[in-house]
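A quick write-up on the structure given underneath.
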Amino acid sequence: MLERLAPASPDALLALIKLHAADNRADKIDLGVGVYRTGQGDTPVFGAIKAAEERLVETQASKSYLGPEGDMGFVEALMPYVFGADDPSMGGRIQGMQAPGGTGAVRLAVALAKAAGVSKVHLGVPSWPNHAQILADLPLEMAPFDHDCDDGTANIEAVLGAIRGAGEGEAVVLHGCCHNPTGIDYTPEQWREIAEALSDSPILPIIDLAYQGLGYGMEEDAFGLRTVLAAVPEALVAYSCDKNFGLYRDRVGALYVMAREAGDLPAIMSNAAALARANWSMPPDHGAAAVRLVLDDPALTAQWLDELDTMRARMRQVRERLAAAGQVGTLDLTPLGSQNGLFSMLRLDKEQVARLRSDHAIYMAASGRINVAGLTQGNIDKFIAALGDVAK
Ligand code: PMP
C-alpha cells in the first residue's frame, strides 16, 4: 500500500543547503537558510541560553511528563514581553500553552480556529510557505491577498479589503513583525487602520509573531499585535522563541488565546490541549525550560536582551549597506534599508537566481528571498557586484 505514494515535492531550501555544501568555491555565500548568522558566519548558542542550560542540567530533578500545555512557567514568563508589562493577561482574558516551535503554535492556532467554526483563512502572499501548507493539510480554504506593492511597501488596501469583506467563520493570518519572506512590515499607522477594520469585522485575527526583537526591538516589534489586541474581542497568537533565543532545533513556541471573557478560557484551552494531545501529546521541554530560566533571572534576561541587540544591530548595518548601494542594475536596493528582520525579496527571476549560483557561488531561494544575515563585511561588496552583473 505505501508504495502507492508518489514522491512529495522536496523542500526547496533543504535542497539548496545540499547544493551549497557541495560547492567547493571558497568565496561561496549562503543567503538561503533562515537562521541568524554573526559577522563570522556562525549561528552560535546565546550565552544566556548556555548559562541557563548549565543551570538546568544541575537543578533538573526529573524528566517526568508535564502535560499537553508544557512548561507553564515558560508560557507565563514570556507574556509581559509579548502583551506588555502593565497587564500581560489583559484582565485575565489571555492564556497560553507551550507548542513545538512557532510551527506547532501556528498549527494549533488554525486547528483551534477550525474547531471553533472557521472555514476560510485570509493570508497575505507571499508568505512563509508553511502557512499555506498547514492550511492545505487541515484542510482549510485559503483566501490570498497581496501582501506587498511593487515599490517595496505593504499593500494596506489589500489587507483592509480582505478584512472588510470577510464574514462569519473567517480568519486572517497577520505577521506580527519581520515579515517572512519580504521583510515588509505594516507601519504603526497602518496597524492602527488594520486594528480599526478588524474591530468592525467578524473575522478572527491570528497573529504570527516569530521574530520579536529582530526588527526594531522587543517593545517596538509588539506594537502591531498589541494595537490589534486592544481593538478586537478575541484573537489567537502563535509565538516562536526559535529566532529571538536562537533555539531553532529545540522547537520553542507558544499559542496564546485572547478570549471575549476570562470565563470562556477554560473551555477554549481544554480544546487546544485536546488538539495538542492528538498531534504531539506534549511539546519538547528543554528549550522552553532554558527560556524560563533566562526570564526568571534578571542578570540572564539582561544578557539575552544584550545579545538580541547585537543581532539586530548587525542586521540593520547590513541593510543600511545594501540600501546605500541604491540602484544596482535593474534592482533598487533602497527599500531594504527600511525592511525588517532576516529576510527581503529581490526582484530577480529564476534564471538570474540560477546565474548568481553558477557564476558567483551565491545561494538564495528561487523566489529571490535573501537572508540578510548571510552577508558580512567580507562578502557584501562581492554580493552587490554580482547583483549588478546578473540584473543588467
Ligand atoms: N512563522 C513564520 C512567519 C516563520 O517564518 C517561521 C519560521 N521560519 C515560523 C512561524 C516557525 O518557526 P519555528 O522554527 O519556531 O517553528
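What is the distance in Å between the Cα centroid of the stretch 157-188 and that of the stretch 192-234?
10 Å
Which whole-number percentage describes the relative contact order of the stretch 1-147, with Cα contacts under 8 Å and a sequence gap of 6 or more?
Reported as a whole number, the value is 12 percent.
Can you find, among A385, L265, A48, the residue sitting farthest towards the positive end of the charge dipole of the chain, where Lys and Arg contribute +1 and Asp and Glu -1 at Cβ?
About the Cα centre, the residue reaching furthest to the positive side is A385.
Where in the chain are the DSSP H helices whose alpha-carbon span along the long axis reaches 20 Å or more and whose Kyte-Doolittle mean is at least -0.5? List each step's numbers first, then the result.
Details: long enough: 101-115 (21 Å, 0.98); 265-279 (21 Å, 0.73); 298-324 (38 Å, -0.56).
Flagged H segments are 101-115, 265-279.
Rounded to a whole number, what is D in µm²/s for the stretch 112-268 from Stokes-Einstein with the Kirkwood radius over alpha-carbon pairs (20 °C, 1.002 mPa s)?
Result for D is 135 µm²/s.
Quick one: net charge of D242's neighbours, Cβ under 12 Å, K/R +1, D/E -1?
Net charge around D242: +2.
DSSP loop GluC sites (Glu not before Pro) in the stretch 121-190 with at most 11 other Cβ atoms within 10 Å of their Cβ, which ones?
For GluC sites (Glu not before Pro) across the stretch 121-190 that sit outside H, G, I, E and B with at most 11 neighbouring Cβ atoms in 10 Å, the list reads E168.
Stick to Cα atoms and the Kirkwood definition of Rh, then tell me Rg/Rh for the stretch 219-266.
Looking at the stretch 219-266, the ratio lands at 1.06.
For E141, enumerate residues with amide H under 5 Å from its amide H, sequence gap 5+ or separate chain, H modeled in the peptide plane.
Here V121 satisfy the definition.
If you wrap the chain's Cα atoms in a convex hull and average its projection over all directions, what's the area in nm²? Working shown, then result.
Values: hull surface 82.6 nm².
So the mean shadow area of the Cα hull is 20.7 nm².
Which value, in nm² and rounded to one decimal, describes the direction-averaged projected area of the C-alpha convex hull of the stretch 137-188?
So the Cα hull casts an average projection of 4.5 nm².
Given Cβ point charges of +1 (Lys, Arg) and -1 (Asp, Glu) and nothing else, what value in debye, to the nearest 20, does the dipole of the stretch 217-275 about its Cα centre take? Could you put the intermediate results ahead of the total?
Numbers: 5 positive and 8 negative charges, 39 e Å.
Around 180 debye, computed over the stretch 217-275.
So for M79, M218, fewest C-beta neighbours within 10 Å to most, what's the order?
M218, M79
Counting other beta carbons within 10 Å of each residue's own, what order do H122, H20 fall into, fewest first?
H20, H122
In square nanometres, what is the average projected area of the Cα convex hull of the stretch 322-370?
The number I arrive at for the stretch 322-370 is 3.4 nm².
Can you list the aspartates and glutamates whose alpha carbon is less than 14 Å from that of K392, not counting same-chain residues fewer than 8 positions off?
Within the straight-line cut-off, K392 pairs with D332, D349, E351.
Can you compute the radius of gyration and Dmax for the stretch 50-156, using only the Cα atoms, both in Å?
Looking at the stretch 50-156, its Cα Rg and Dmax stand at 18.3, 56 Å.
Send over the Kirkwood Rh of the stretch 1-64, from the inverse of the averaged 1/r over different Cα pairs, rounded to one decimal Å.
Over the stretch 1-64, the inverse of the mean reciprocal pair distance is 16.2 Å.
Sort C177, C149, C241 so the one with the fewest other Cβ atoms within 10 Å of its own Cβ comes first.
Least to most surrounded, the residues fall as C149, C177, C241.
Among 348-355, 206-213, how do they line up from the highest to the lowest mean number of other beta-carbon atoms within 10 Å? List each step's numbers first, then the result.
Numbers: 348-355: 15.4, 206-213: 25.5.
Per-residue Cβ counts within 10 Å, averaged per peptide and sorted highest first, yield 206-213, 348-355.
Within the stretch 1-78, list the chymotrypsin sites (Phe, Trp or Tyr not before Pro) lying in a DSSP loop whose Cβ has at most 14 other Cβ atoms in a 10 Å radius. Intermediate results must be reported in sequence, preceding the final value.
Numbers: sites: Y36, F46, Y65, F74; in loops: Y36, F46, Y65.
Counting only loop positions with at most 14 other Cβ atoms within 10 Å, the chymotrypsin sites (Phe, Trp or Tyr not before Pro) in the stretch 1-78 are Y65.
Each value in this text was obtained by applying a stated rule to the coordinates, not by laboratory testing. Values in this document were obtained by computation on a predicted structure and should not be read as measured data. Every residue, glycine as well, gets a Cβ built from its backbone with ideal geometry; the counts of neighbours run over all protein chains shown.
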